[in-house]
Amino acid sequence: MDFRFLPASRTALAELPVDALIVVVAGEAASQGLDGTLAQLLKDALAQKDFQLKAGRTLYVHRPQGLRAQRLVWAAAADAGPKAFRAAVASAAAVLKNGGAKHVGVVCANAQALTAEHAQALVAAVGEATYVYRATKPSAPPAGPLAKISLVGEKADAKAVQRGLALGQAVAAGVTLARECANRPGNHCTPTFLAEQAQALAKTHGLKVEVLDRKAVEKLGMGAFLAVSRGSEEPLRFIVLRYDGAARTQAPVVLVGKGITFDTGGISIKPAAEMDEMKFDMSGAASVLGTLRAVAELKPKVNVVGVIPACENMPDGRATKPGDVVTSMSGQTIEILNTDAEGRLILCDALTYVERFKPAVVIDVATLTGACVVALGNHRSGLFSADDELAQALLASGEAAQDPCWRLPLDEEYDEALKSNFADMGNVGGRAGGAITAAMFLRKFTGKYRWAHLDIAGSAWKGGAAKGATGRPVPLLTHYVLSQAR
Ligand code: BES
Ligand code: MN
Ligand code: ZN
């Protein structure tokens, strides 16, 4: 998709050489600042009750009178800001995506001025509306002929809008990569597949990559990670990707992604209903790949390391049993009371491993707990950090990138739940505050650096008829990494 900024006055809109025009309107008809043909068309559509100025409403007009464009879509927005603009563009793009338009012009009628955030929102909305998963469903109709989008405005800082479009496109490519990985079923997206994706990304985008196998992981003493992978025939992989954008002496931002390519629960097996969705349990890993892709395209002056422990969680004669005690890479012992709390087991060894990078910060990303979905639903990811400054920065990145998160606590008092008579800690803390006790478990492995944890169990994919990966939190993470560039 080709995105560009087209400076044009309102009077020129009727003459715009596009196949379709999307006009996003917010507020009263009179305040839209539209003139001539478009103003009249809007007035008539409203008067005849074919269109209402209520957020989410759209009206498609074929061969609109007096317009050079053969198609016109009105889309109502809640206000003139970028968030409402994104929602309105998404609904308009859904109307157009299976039609014949190749070149679409988009106007935000009453925005005070178009901003870089409007540009990013446009790219995100179009990317989302036109994505089609075909990897294991080649019969799915491919995306339509839509190939070029022009964001039209008269009042805008052209440089900023163009920067917003470029940033939006890099993020969208990262989001798409994450969705492509996470949507693939467990028999396709194996630990080996994830490692191949990392290697391919390194090749195309100039990253460094290293892939460790079971022998190497044994040598490192990752007893917790190994305990999870024991029950699977599928070989584990430990993936390390590096983007070097700044001097070697600059401490890197380290991203750690949970890469459980299928979570059956292990011996503490999950119920059958919706178990298929546990193919998405590598969404954290997918978001690390996606973020590195976006970062590699944008080339900020910052160093980034992506680390992915990847394996399956399966029941088997050799699988870990409830009550088994293992020694993590940190030396701390863990009583595995529930083999379904496996994410924290693979992450804790990765969190010890990354000490070697002397990180500026470490952010882990994981579909870690059903409890986080109970607490926050599917809109906001859970954010945990004992570091107020880091937490504030990530909250702000989430808002700016329209990929929001919400902070949950990490008080010492929650530690009580993880006590064990047979090891330094148990791996579960009971039903109450399950997302918090999971984060408290991880915290025990993060004493040597600034750390935050994102629980994306609710935000990484959608269930139901629109079942599929969202690519979150690639936008949040990319925004944060860029904010750390000097
Ligand atoms: N991958 C799951 C978490 C999950 C469950 C994400 C449902 C999204 C939807 C994780 O490995 C898990 O099974 N967690 C357990 C922890 C419990 C045993 C303490 C959970 O949430 O039930
Ligand atoms: Mn599990
Ligand atoms: Zn899991």
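Observations on the structure shown:
- Packing-based order for 106-113, 87-94, using average beta carbon neighbours within 10 Å, highest first: 87-94, 106-113
- Nearest-ten-degree value, helix 191-205 long axis tilted from longest Cα axis of the chain: 50 degrees
- Relative intensity of the stretch 252-405 on a log10 scale, I(q)/I(0) at q = 0.11, 0.17, 0.18 Å⁻¹, equals -0.49, -1.13, -1.24, per a Debye sum over C-alpha point scatterers of equal strength in the absence of solvent.
- Our helix-only sum for the chain, with -39,500 (n - 2.57) per DSSP H run of n ≥ 4 divided by its residues, gives a mean residue ellipticity at 222 nm of -10500 deg cm²/dmol.
- Between helix 474-483 and the chain there is an angle of about 90 degrees, using the helix long axis and the longest principal axis of the Cα atoms.
- Among beta bridges from DSSP that stay inside the chain, the antiparallel ones total about 35%.
- An ellipsoid equivalent to the stretch 355-478, defined through the eigenvalues of its Cα gyration tensor, has semi-axes of 24, 19, 12 Å when rounded to whole angstrom and sorted largest first.
- Between 0 and 90°, nearest 10: helix 283-298 axis offset from the chain longest Cα axis: 60 degrees
- Accessible area expressed per residue, the stretch 259-392, with surrounding protein chains retained (probe 1.4 Å, Å²): 33 Å²
- Given 15 as the ceiling on other Cβ atoms within 10 Å, longest exposed-site-free region of the chain for chymotrypsin sites (Phe, Trp or Tyr not before Pro) in DSSP loops: 134-421
- Counting only GluC sites (Glu not before Pro) that DSSP places in a loop and that have at most 11 other Cβ atoms within 10 Å, the longest clean stretch of the chain runs over 275-486.
- Just the protein heavy atoms count here, and of the accessible area of the chain at 1.4 Å, carbon and sulfur take up 51 percent.
- Average projection, convex hull of the Cα set of the stretch 2-154: 8.6 square nanometres.
- Too-long pairs where the Cα-Cα distance tops 19 Å, listed order kept, from K43/K148; K54/K83; K97/K148; K258/K299; K279/K321: K43/K148; K258/K299; K279/K321
- The fraction of all Cα pairs in the stretch 174-483 landing in successive 10 Å bins from 0 to the largest distance is 7, 31, 39, 20, 3, 0, given as whole percents.
- In order along the stretch 97-112, the Karplus-derived 3J(HN,Hα) couplings, from 6.51 cos²θ - 1.76 cosθ + 1.60 at θ = phi - 60°, round to 5, 9, x, x, 5, 9, 10, 10, x, 10, 10, 9, 4, 10, 5, 3 Hz, and Gly and Pro are given as x.
The values are calculated or read from the model by the stated rules, or taken from the named source; none is laboratory data. Because the structure is a prediction, the values reported are computed rather than measured. Counting neighbours? That spans all protein chains shown, and the Cβs are built from the backbone with ideal geometry, glycine included. What goes into the accessible areas is simple: the full protein's heavy atoms, side chains included, and nothing from ligands, DNA or RNA. Shrake-Rupley method; radii C 1.70, N 1.55, O 1.52, S 1.80 Å.
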